[in-house]
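What follows is calculated from the coordinates using simple rules that are stated; it is not laboratory data. Since this is a predicted model, take the numbers as computed values, not measurements. Using ideal geometry, Cβ is built from the backbone for each residue, glycine included, and neighbour counts are taken over all protein chains shown.
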Amino acid sequence: MEAIITVVGFLGAGKTTLLKHLVSSYVRNDWSPFVILNDYENAYLDMQQFKEKLAPDSLWPLNGSCICCSGIMELRDCVNRIPERKKGITLIEANGTSDACSLMGFLGVGLKERFLPPIQVSVVDTRNWQKRGEHNDLESNQIQVSSLIVLTHYNYLSSERIQLVSDEIKAINPTADIMKMDEIDGSLLPRLEPVHRDSKQMDHLKAHWASSSIDLPRLKSERSLQQVCCEIPQSILRVKGCTQIGEQQHYTYFERTPDGKISIRPFNGVPQTGPKLITIGPGSEPSMLKNIIDKVLAI
């Protein structure tokens, strides 16, 4: 039977990084992973990060819907259509605002008998755990029914901070295993058991934030790209995209996490939807993004 592993966690916690680590581990050990990526705006952008490891027919982007509610039927249909493979395993990355408890309840119904009950893995940003203000409830909700909690962004943190976060996680989900990202071995995940426990309900509509995307023209320099990210209000929790810089022929990927950290790195290939600026969070509007781009281009 084939294992299904769903990866959940707050925006920018490191879900895609964990997924890439798992895919590399499984491919190296002759498994046949199938990856489903869910995002509000452009799941195709994240999907291309896996093309060096997986064939296109082993990747499925679910764009523009939330798989714990409006997109659950599409998700089930996608999973049930996955072809049988020798040593197959299915990996699902939920968008950063998913109600992880509802996702597990809905996904566990209506799948073909060849699939094992889904396992949930939560990714927790140790540095920013429960520093989300009004979004703390969403972050804590995302670990309630997970079998494994993976800690990220712990470098340079004190042992006291890491222990505090671990203790708070245990208070919410006492049965989950807690591991750091660099301790993860993909072979252990299919052996995890689903969590069967009551969970605290939340109003998931509060997490259905606005999202937006706009074409992003070639920028003069990396500094211009950083300026675009800095000009976007902090109320918008996730900023990412892909564009070309200066005379460079390759594309550059960029992101700003909820704590304001900006990272810029080469992009693998050419984006299917063209160069884009994507935002998720209250206040995301194409007109606002266009004004920011125009301002930076004029400098």
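For the chain, the share of DSSP beta bridges that are antiparallel, to the nearest 5, is 40%. For Rg and Dmax of the Cα atoms in Å, the candidate list reads (i) 23.8, 80; (ii) 18.9, 59; (iii) 22.3, 69; the entry that matches the value derived from this model is (ii). With respect to the chain, whose longest principal axis is taken over its alpha-carbon atoms, helix 15-28 is tilted by about 60°.
Placing a pseudo-label 7 Å from each Cα along the Cα-to-Cβ vector at Ser187 and Ser25 gives an inter-label distance of 1.1 nm. Take the chain and mark each of the GluC sites (Glu not before Pro) that is in a DSSP loop with at most 15 other Cβ atoms within 10 Å; the longest unmarked stretch, sites excluded, is 114-246. Against the chain, whose longest principal axis is taken from its Cα atoms, helix 286-298 shows a tilt of about 50°. Backbone phi angles across the stretch 117-130, fed through the Karplus curve with coefficients 6.51, -1.76 and 1.60 (θ = phi - 60°), yield HN-Hα couplings of x, x, 10, 10, 10, 9, 9, 10, 6, 4, 5, 10, 3, 6 Hz in residue order; Gly and Pro are listed as x.
Taking amide H as placed 1.01 Å from N in the peptide plane, the amide H of Leu62 sits under 5 Å from that of Leu37, Asn38, Asp39, each at least 5 places away or on another chain.
Distance between the C-alpha centres of the stretch 243-298 and the stretch 160-188: 33 Å, rounded to the whole angstrom.
For the stretch 105-139, which trypsin sites (Lys or Arg not before Pro) pass both filters: DSSP loop (anything but H, G, I, E, B) and at most 11 other C-beta atoms within 10 Å?
When the trypsin sites (Lys or Arg not before Pro) of the stretch 105-139 are filtered for loop state and at most 11 Cβ neighbours within 10 Å, Arg114 remain.
Across the stretch 235-241, rounded Karplus estimates of 3J(HN,Hα) from the backbone phi angles (6.51 cos²θ - 1.76 cosθ + 1.60, θ = phi - 60°) give 5, 8, 7, 9, 10, 7, x Hz, Gly and Pro being marked x.
Roughly speaking, what % of Cα-Cα pairs in the stretch 209-298 are separated by over 20 Å, rounded to a whole number? Working shown, then result.
Details: 1061 of 4005 pairs.
Result: 26 percent of Cα pairs exceed 20 Å.
Take every Cα pair under 8 Å whose residues are at least 6 apart in sequence, average their separation, divide by the length of the stretch 232-284, and the relative contact order is 44 percent. Go ahead and collect, in residue order, the members of the stretch 214-229 whose backbone nitrogen is under 13 Å from a label point 7 Å along the Cα-Cβ direction of Gln248. In the stretch 214-229, the label zone of Gln248 (backbone N under 13 Å from the point 7 Å along Cα→Cβ) covers 218-226. Taking amide H positions as modeled 1.01 Å from N, with prolines and chain starts lacking one, the residues under 5 Å from Phe34 and 5 or more places away or on another chain are Ile89, Thr90, Leu91. For Arg238, the residues whose amide H sits under 5 Å from its own are Ile280, ignoring neighbours fewer than 5 places away on the same chain, with H placed 1.01 Å from N. Legend: ranking of residues Met104, Met181 from fewest to most surrounding C-beta atoms inside 10 Å; resulting order Met181, Met104.
Among the listed pairs Lys53/Lys261; Lys240/Lys261; Lys240/Lys290; Lys53/Lys240; Lys20/Lys180; Lys51/Lys180, which have their C-alpha atoms separated by more than 19 angstrom in this model? Beyond 19 Å: Lys53/Lys261; Lys53/Lys240; Lys51/Lys180.
Taking only C-alpha pairs under 8 Å that are 6+ residues apart, what is the relative contact order of the chain in percent? Worked out over the chain, it gives 20 percent. In sequence order, the stretch 257-269 has phi-based couplings of 7, x, 7, x, 6, 10, 10, 10, 8, x, 9, 7, x Hz under the Karplus curve 6.51 cos²θ - 1.76 cosθ + 1.60, θ = phi - 60°, and Gly or Pro positions carry x. Of the chymotrypsin sites (Phe, Trp or Tyr not before Pro) found in the stretch 101-185, those that fall in a DSSP loop while having at most 13 other beta-carbon atoms within 10 Å are Tyr156.
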